[in-house]
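Notes for the one structure printed next.
The values are calculated or read from the model by the stated rules, or taken from the named source; none is laboratory data. Given the structure is predicted, the values throughout are model-derived calculations rather than measurements. Cβ coordinates were reconstructed from backbone atoms using ideal geometry, including for glycine residues, and neighbour counts include every protein chain displayed.
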Amino acid sequence: MRPHACQQKATSRQRHQRRQKLPRLGSCPPQCHANQRDQRHRAVDQRPRLDRRQKIRPDPQRQRHRHPQRQIHPRPDQRSAGRRQPAEQRPRHAGAHPDTAFAHPRRAHRIRDDAVGQVCHACFSARPCLRITPKPSRLMVSERLTRPMSDTTAQARPAEDRPSQARPVVTRFAPSPTGYLHIGGARTALFNWIYARGRGGKFLLRIEDTDRDRSTPEATAAILKGLTWLGLDWDGEAVSQFAGRDRHAEVAREMLARGNAYKCFATQDDIESFREAARAEGRSTLYQSPWRDVDPARHPDAPYVIRLKAPREGATVIDDQVQGEVTFRNDQLDDMVCLRSDGTPTYMLAVVVDDHDMGVTHVIRGDDHLTNAARQVQIYHAMGWDVPVFAHIPLIHGPDGKKLSKRHGAVGLEEYQAMGYPAAGMRNYLTRLGWSHGDDEFFTDSQAREWFDLGGIGRAPARLDFKKLENLCGQHIAASADAELLPEIEAYLSAAGLPALTETQRDGLLRGMYCLKERAKTFTDLIEKARFVLVSRPLDLDEKAEKALDPVSRGILMELTPQMQNASWTRNDLEATVAAVAEARGMGLGKLAGPLRAALAGRTVTPSVFDMMLTLGREETLARLVDQAA
RNA sequence: GGCCCGUUCGUCUAUCGGUUAGGACACCAGGUUUUCAACCUGGUAAGAGGGGUUCGACUCCCCUACGGGCUGCCA
């Protein structure tokens, strides 16, 4: 029996080998960490995984070196604990007494059972801290926190948390058509799409075009085109938010009628001077309208906006699937404008009304909306509507870690198509960016649908890494069926403004696809490598090819040509024929491959010479050889 | 300024109170070879800083630093 990990002092090399080869033993001392970990790993089942190498070249020899842990790694959904648990499974505050009216904003402190009645060691602080003790009657709450849980302390309890209300999932993507489709926006759309599709739900598209000055039909078209390219299909028609403006106004009036909103006659100047004064005095600049409690009988006949009468006491809590429980004190949230003085709705009102009317159950969007979510929840409450499940995902940053902007080059989605990235690779990369499922890196759409969950989304912004994108795209191209690749390549050519394929070129490309796809990371790459089959005689030779075809080489080609004529056009036979000529000349295959490459492609960097011969066919190959033979 | 969010190899991330902190991309070295790739083998490389709680902290708490968001009759 081989010694287990814990019985050796390991070098990093040994560590690696052990991971690869050593069987896991149950005979180690109980305190052996490696053993404990293995027990955990062994407890979970093994799932089939898509392995590129395995798929393309089934070679049992290679399988021997697979990492044992990779195959039995616990899936996130099988983990027993962790911050990644969805809120509905997460114990809100383990051990908390039901009578407890106070909760720590984010997490409960863990305190030993024998610490009952003592000051919290963890935080003695000004923060609300819920003591976790086995004796709830002796719960201690810091004096400063003795703030009654008022009725206005609203909590955004996701509808999904209530088991009785399990509804089919409805997600939406709501871009504003003021420019191209941003790569970050594309990822948001993708998350919504996968989530809905993975749960048999609906994915809706709503164009947020209430800003009439900045919205353009061109931008809308670009967004639809981009989503279509990425393969994100939406249910029903894309709806225009602007079209629903009457309904939005109606809701604003209803809030007015319910006493949850009020008319504010303050002018821009009033607001500005309020803010200036607040700044000067060091007070909060959140606007506090003097019209909040004015009797309607005393309202002037002047333009007004409708503001939400937001609660001023208590707090609003967002139970976010990504960010956790986030608490905003209501005195930090102002009475936002819902209906502008020209009668048009603001974004804040329109999203809520639309999401409600469209039956959206899960709002997955950028975390720049996290604070907005608190304001929006207040509208949901004002109207007595169910609050959707929120998931605020971090934004994507450029390779330098800064916010994405034009200077990062490709920012619009359409640029990625023109650069030759396949949509499947793009989906894979974007899904994996900021979301994880154990160690899985390469996966198919159906795996993504099966695995994707909100709890697997990270909270830190991720950077774009083009190398990894390329790598993943290369794997997807290699794994695709030849026939599926062709239309994608043609779409790429058109997007990149390159000439379309002729019938002959299309046939040739398809014949050579088997070898081209394995070496290309992008379609740009693939087309470049396919050059030999796309061009027709007479070939133009580049400088290096010209050099490779010196008189001696041309002589060899002359000798080779008749031999080739007799070869049966199979790889084995071709190899044998060329090897025989090389041997007769006392040279290696390498020496002969150079001139052959130059003659067949006019370049010195190409696929394998035999692959080229097979792709070109006997007639074309011989013609090209004759062209260059001395 | 106020409020909110974040910080593990260069990058994406795993682990989520006990691991020798794992994987992938990138990088370096070696191998294979018919050029370029691909492929194979090996390697370098990480818990922002400081306190606290704990037998034990990357993991829980606090502070600081840095980054980001919101603070509009923009979305």
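Step by step: first the residues of the range A:338-352, then only those that are touching a residue at least 40 places away in the same chain (Cβ under 8 Å) and in a loop (DSSP other than H, G, I, E, B), then the one that is farthest from RNA strand B (Cβ to nearest atom). Which residue is that?
The qualifying residue farthest from RNA strand B (Cβ to nearest atom) is A:G343.
Give me the residue from the range A:502-518 that is in contact with a helix residue (DSSP H, G or I) (Cβ under 6 Å, 6 or more places away or on another chain) and not in a helix (DSSP H, G or I) and, out of that set, surrounded by the most Cβ atoms within 10 Å (Cβ to Cβ).
Checked the range A:502-518; the qualifying residue surrounded by the most Cβ atoms within 10 Å (Cβ to Cβ) is A:K517.
When you check A:S494 against the structure, is it away from RNA strand B (no atom under 15 Å from the Cβ), out of contact with any helix residue (DSSP H, G or I) (no Cβ under 7 Å at 6 or more places or on another chain) and closer than 28 Å to A:L534 by Cα, yes or no?
yes
Report whether or not A:R167 is in a loop (DSSP other than H, G, I, E, B), among the charged types (D, E, K, R), within 25 Å of the chain's Cα centre (by Cα) and more than 27 Å from A:E488 (Cα to Cα).
So A:R167 fits the description; yes.
From the set of residues in the range A:179-227 that are assigned to a helix (DSSP H, G or I) and among the polar types (S, T, N, Q), which is surrounded by the most Cβ atoms within 10 Å (Cβ to Cβ)?
A:N192
Being away from RNA strand B (no atom under 15 Å from the Cβ), at pLDDT below 90 and among the aliphatic types (A, V, I, L, M) is true for just one of A:A221, A:A156, A:A166. Which residue is that?
Every option except A:A166 fails the conditions.
Which condition number in (1) within 11 Å of RNA strand B (Cβ to nearest atom); (2) crowded, with 18+ Cβ neighbours inside 10 Å; (3) within 16 Å of A:A545 (Cβ to Cβ) is the one that A:V605 fails?
Going through the list (1) within 11 Å of RNA strand B (Cβ to nearest atom); (2) crowded, with 18+ Cβ neighbours inside 10 Å; (3) within 16 Å of A:A545 (Cβ to Cβ), A:V605 breaks only (2).
Could you tell me whether the range A:497-515 includes any residue that is more than 11 Å from RNA strand B (Cβ to nearest atom), without any contact (Cβ under 8 Å) to a residue 12 or more places away in the chain and charged (D, E, K, R)?
Yes, because at least one residue in the range A:497-515 is more than 11 Å from RNA strand B (Cβ to nearest atom), without any contact (Cβ under 8 Å) to a residue 12 or more places away in the chain and charged (D, E, K, R).
Could you list all residues from the range A:399-449 that are assigned to a loop (DSSP other than H, G, I, E, B) and touching a strand residue (DSSP E or B) at 6+ places or on another chain (Cβ under 7 Å)?
Selection gives A:P399, A:G401, A:L404, A:V411, A:L433, A:G434.
How about the range A:450-485: which of its residues are in a helix (DSSP H, G or I), crowded, with 16+ Cβ neighbours inside 10 Å and away from RNA strand B (no atom under 13 Å from the Cβ)?
A:L485 - this is the single residue of the range A:450-485 that is in a helix (DSSP H, G or I), crowded, with 16+ Cβ neighbours inside 10 Å and away from RNA strand B (no atom under 13 Å from the Cβ).
List pairs: first in the range A:463-477 and in contact (Cβ under 8 Å) with a residue 60 or more places away in the chain, second within 6 Å of RNA strand B (Cβ to nearest atom), Cβ under 8 Å, 6+ apart or cross-chain?
That search, which allows pairs on different chains as well, returns A:L464/A:L433.
What's the number of the condition A:I556 fails, among (1) within 47 Å of the chain's Cα centre (by Cα); (2) among the hydrophobic types (A, V, I, L, M, F, W, C); (3) more than 13 Å from A:L485 (Cβ to Cβ)?
It is condition (1) that A:I556 fails.
What is the number of the single condition among (1) surrounded by fewer than 15 Cβ atoms within 10 Å (Cβ to Cβ); (2) under 22 Å from A:T504 (Cβ atoms); (3) touching a Ser or Thr at 6+ places or on another chain (Cβ under 9 Å) that A:F532 does not meet?
Among (1) surrounded by fewer than 15 Cβ atoms within 10 Å (Cβ to Cβ); (2) under 22 Å from A:T504 (Cβ atoms); (3) touching a Ser or Thr at 6+ places or on another chain (Cβ under 9 Å), A:F532 violates only (1).
In the list A:L541, A:L600, which residue meets the criterion of being outside any helix (DSSP H, G or I) and within 46 Å of the chain's Cα centre (by Cα)?
A:L541
With the requirement that a residue be closer than 18 Å to A:Y380 by Cβ and either surrounded by fewer than 17 Cβ atoms within 10 Å (Cβ to Cβ) or within 12 Å of RNA strand B (Cβ to nearest atom) (or both), what does the range A:253-289 give you?
Scanning the range A:253-289 gives A:R253, A:E254, A:A257, A:R258, A:G259.
Under 6 Å between Cβ atoms, at least 6 apart or on separate chains: pull out the pairs that start in the range A:377-403 with a residue that is under 14 Å from A:H356 (Cβ atoms) and end on any residue that is more than 12 Å from RNA strand B (Cβ to nearest atom) and of a type in the set (D, E, K, R).
Short answer, once both residue conditions are applied: A:V389/A:E160.
Could you check the range A:239-252 and list, in sequence order, the residues that are away from RNA strand B (no atom under 14 Å from the Cβ) and crowded, with 16+ Cβ neighbours inside 10 Å?
Within the range A:239-252, A:V251 is the sole residue that qualifies.
So which strands (runs of 3 or more DSSP E) stay within the range A:265-337 end to end and still have 2 or more residues that are at pLDDT 95 or above and closer than 18 Å to A:L349 by Cα?
Passing ranges, in order: A:305-308.
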